[in-house]
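Here's the structure, in C-alpha cells; my notes come after.
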Amino acid sequence: MTGGGFSGPPGGGTEFEAKITPIVIISCIMAATGGLMFGYDVGVSGGVTSMPDFLKKFFPVVYRKTLDEDINSNYCKYDNQGLQLFTSSLYLAGLTSTFFASYTTRRLGRRLTMLIAGVFFIIGTIFNAAAQDLAMLIIGRIMLGCGVGFANQAVPLFLSEIAPTRIRGALNILFQLNVTLGILFANLVNYGTAKIDGGWGWRLSLGLAGIPAGLLTLGSLIVVDTPNSLIERGRLEEGKAVLRKIRGTDNIEPEFLELVEASRVAKEVKHPFRNLLKRRNRPQLIIASALQIFQQFTGINAIMFYAPVLFSTLGFGSDASLYSSVITGAVNVLSTLVSVYSVDKVGRRLLLLEAGVQMFLSQVVIAIILGIKLKDHSDDLQKGFAVLVVIMVCTFVSAFAWSWGPLGWLIPSETFPLETRSAGQSVTVCINLLFTFVIAQAFLSMLCHFKYGIFLFFSGWVLIMSLFVLFLLPETKNIPIEEMTERVWKKHWYWKRFMDDHEDGGAITNGAKKIGHDNGFDPSSQL
C-alpha cells in the first residue's frame, strides 16, 4: 500500500509530504487488536449467559426460571441483577480505569498504555476461564474492564496520530472494525462451544479471549510509539526519527516543527478540564457528550450484549438463537467496511442521517411484529415472522455499523481544539462507558417491564438523535483539525454564537489553530 506523497485534504490547511508506508499499516492493524478484544468481551457475555451449564453454576435462580414455564414470562426469564452485573461490571471498571489510563498515556506513551491493557486482558481472561464462583467471575470481568479503559484511551489516539491525513478517518474506524470482528468471533465460538458435552463449553468461550489479548500484548511490544507522544515527553530526536520512518520521506521538518510547537502551546494550558467548560468550547463538549449518549441509546449494545438471550426470549431455540447472533455479527463486520470506504468520501452527516431512518424503521417493525405475534407465554414465534425479526435486526445492526458505531468515536476526536483535546477525549470515553454500563445493567429488566415496547423506546431515541444531527452537527469531512474553529464552528448557524468568547486562554486557542497538527487527535498528551 505504499504510494507517492500526498497533501492534506482539499480546501486549505498545512500540507505535509507523506506516504502510506507499510509500517503505518502494520502498526495500525496491530494496535487495533484492542478493538478485537473489546468486541470479543461484548459478544461472549451474551452467549455464555444463554448456556444452561453456565447459568446452573453461577446463576441457579435464573436457570430455574428458564425451566419453569408455568410462572415464567417470555420477556422476564433472564431478568436478574446478578446476571446483568456480570455483563455491566466490565464497563464500570473501564470507566474507572480511564482516569488512570489518561495519566499513563501521557507519561508512559501510547505503546506502553496498550501493553498495560493487554496484560489486564490476559489476567481477566485467566480469572474468567478458571472461575469457580461468581466472585471470581466478576473479578475477571473487572480486570477485562480495566483493559478496556486503557485500550479505549490509547488505541484510537495511537491510530489517529500515526495516520496520514488522507486516510485518518478510515484508519480510525479500523478500531471499530476490529470491535465488530471480535463480536463475530465471539458469536462463532459460542455457537460451537454450546454443543460441547460435559458442561465446560463456557470455559472455552471465556478462555479464547486470550487470543486477542495476546495479539494486543504482542502488538504493543512490536509497534513504535507515536511522534506526538515522544515529543511530548521530551524525546525530540527519537520523535523525529520515528516521524521520518512512518512518513516514508526525509522532508519531515515542517511537520516536526509543528508538532514541537503544538506540544509547547499545549503545555501552557494549566487546567484543561476548566478550560473545557469555557463558552467557546461548549459546542465541542455538547456534541461529544451527546454522541456518546445517543450511541448507547440506539439500543445496539442491548442487542450485542444479549443477542442470544434476546433471540431465545423471542422464541428461538438455543441453537437458533446462537446462529442468529452469528448472522447479526457477520452483518456488523461487513457494514463497518462500508464506513471505512465511505466516511472520507460522502461525509459524516449523510451516513448518520441515512442510518437514523433505517434504524428507526427497523425497530418499529420489530416492535409491531412482537406486539402482535409474541405473547408472554406463547411457545414460539412463527417461522416466517422469526425470520423477519432477524432480517430487521440485521437491518438495524448494519445501519449502526456504518454510522453511529465508528462515527461516535471519530467525530469527537476531530472537533476539540488543541488545548482541550486531552480533557475532551477523557470526558468522551467516560460518558460512553457510563451509559454503556447503564444500558448493560438495565436492559434485561427493561425488557421484562417494557416487553416489545423496548424497541419503541429505542426507536424514539433514534428519532431524537437524527434531529440532533440534522440541525446541530456540522460536517467535519476533509477539514484539517487545526482549522475546525474557523471553518466549522464560526460558520455554523447555531454554534457560531459561542465563538465570540475572548476570555482567558483565547490567545492559546488562536495559536493552537495555526500550529495544530492534522495527522491525528491527541486526547491524553496535554492533560
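Could we say that residue 345 is loosely packed, with under 15 Cβ neighbours inside 10 Å and assigned by the TED database to the domain that holds residue 452 here? For residue 345, the condition - loosely packed, with under 15 Cβ neighbours inside 10 Å and assigned by the TED database to the domain that holds residue 452 - is met.
In this structure, residue 221 qualifies as assigned by the TED database to the domain that holds residue 22, under 29 Å from residue 33 (Cβ atoms) and either open to solvent by 80 Å² or more (accessible area, probe 1.4 Å) or in contact (Cβ under 8 Å) with a residue 12 or more places away in the chain (or both).
Among all residues of segment 391-409, there is none that is in a helix (DSSP H, G or I), open to solvent by less than 10 Å² (accessible area, probe 1.4 Å) and of a type in the set (S, T, N, Q). Set side by side, the residues 104, 113 differ, and just one is surrounded by 24 or more Cβ atoms within 10 Å (Cβ to Cβ), touching a residue at least 24 places away in the same chain (Cβ under 8 Å) and within 15 Å of residue 155 (Cα to Cα), which is 113.
Residues in segment 203-218 that are open to solvent by less than 10 Å² (accessible area, probe 1.4 Å) and small (Gly, Ala, Ser): 205, 209, 213.
Okay, residues lined up against (1) over 19 Å from residue 29 (Cβ atoms); (2) open to solvent by 20 Å² or more (accessible area, probe 1.4 Å); (3) touching a Phe, Trp or Tyr at 6+ places or on another chain (Cβ under 9 Å):
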site	(1), (2), (3)
163	no, no, no
172	no, no, yes
185	no, yes, yes
194	yes, yes, yes
201	yes, no, yes
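In segment 224-238, how many residues are open to solvent by less than 10 Å² (accessible area, probe 1.4 Å) and in contact (Cβ under 8 Å) with a residue 60 or more places away in the chain?
Here the count works out to 4.
Listed here are the residues, each with its yes/no results for (1) over 21 Å from residue 217 (Cα atoms); (2) of a type in the set (Gly, Ala, Ser).
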site: 34; (1), (2): no, yes
site: 42; (1), (2): no, no
site: 46; (1), (2): yes, yes
site: 52; (1), (2): yes, no
site: 60; (1), (2): yes, no
site: 112; (1), (2): no, no
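Screening residue 489 on (1) among the aromatic types (Phe, Trp, Tyr); (2) in contact with a Phe, Trp or Tyr (Cβ under 7 Å, 6 or more places away or on another chain); (3) open to solvent by 20 Å² or more (accessible area, probe 1.4 Å) shows it passes everything except condition (3).
Would you confirm, using the coordinates I've provided, whether residue 507 is under 27 Å from residue 107 (Cα atoms), modelled with pLDDT under 50 and open to solvent by 30 Å² or more (accessible area, probe 1.4 Å)? So residue 507 fits the description; yes. When residue 476 is tested against the conditions (1) touching a Phe, Trp or Tyr at 6+ places or on another chain (Cβ under 9 Å); (2) β-branched (Val, Ile, Thr); (3) buried (at least 17 other Cβ atoms within 10 Å of the Cβ), the lone failure is (1).
Going through (1) at pLDDT 85 or above; (2) over 17 Å from residue 298 (Cβ atoms) one by one, residue 424 falls short only on (1). How many residues does segment 54-74 contain that are of a type outside the set (Val, Ile, Thr) and either under 12 Å from residue 133 (Cα atoms) or modelled with pLDDT of 75 or more (or both)? Looking only at that region, the number is 11.
Would you point out which residue out of 129, 93, 101, 151 is of a type in the set (A, V, I, L, M), modelled with pLDDT of 90 or more, under 17 Å from the mean Cα position of the chain (by Cα) and at negative phi?
Details: 129 fails: under 17 Å from the mean Cα position of the chain (by Cα); 101 fails: modelled with pLDDT of 90 or more; 151 fails: modelled with pLDDT of 90 or more.
Of 129, 93, 101, 151, the one residue that is of a type in the set (A, V, I, L, M), modelled with pLDDT of 90 or more, under 17 Å from the mean Cα position of the chain (by Cα) and at negative phi is 93.
The values are calculated or read from the model by the stated rules, or taken from the named source; none is laboratory data. For clarity, every value in this text was computed on a predicted model and none was experimentally measured. Ideal geometry is used to build each Cβ from the backbone, glycine not excepted, and the neighbour counts take in all protein chains shown. Areas reflect the complete protein model, heavy atoms only, side chains present, ligands, DNA and RNA absent. Shrake-Rupley method; radii C 1.70, N 1.55, O 1.52, S 1.80 Å.
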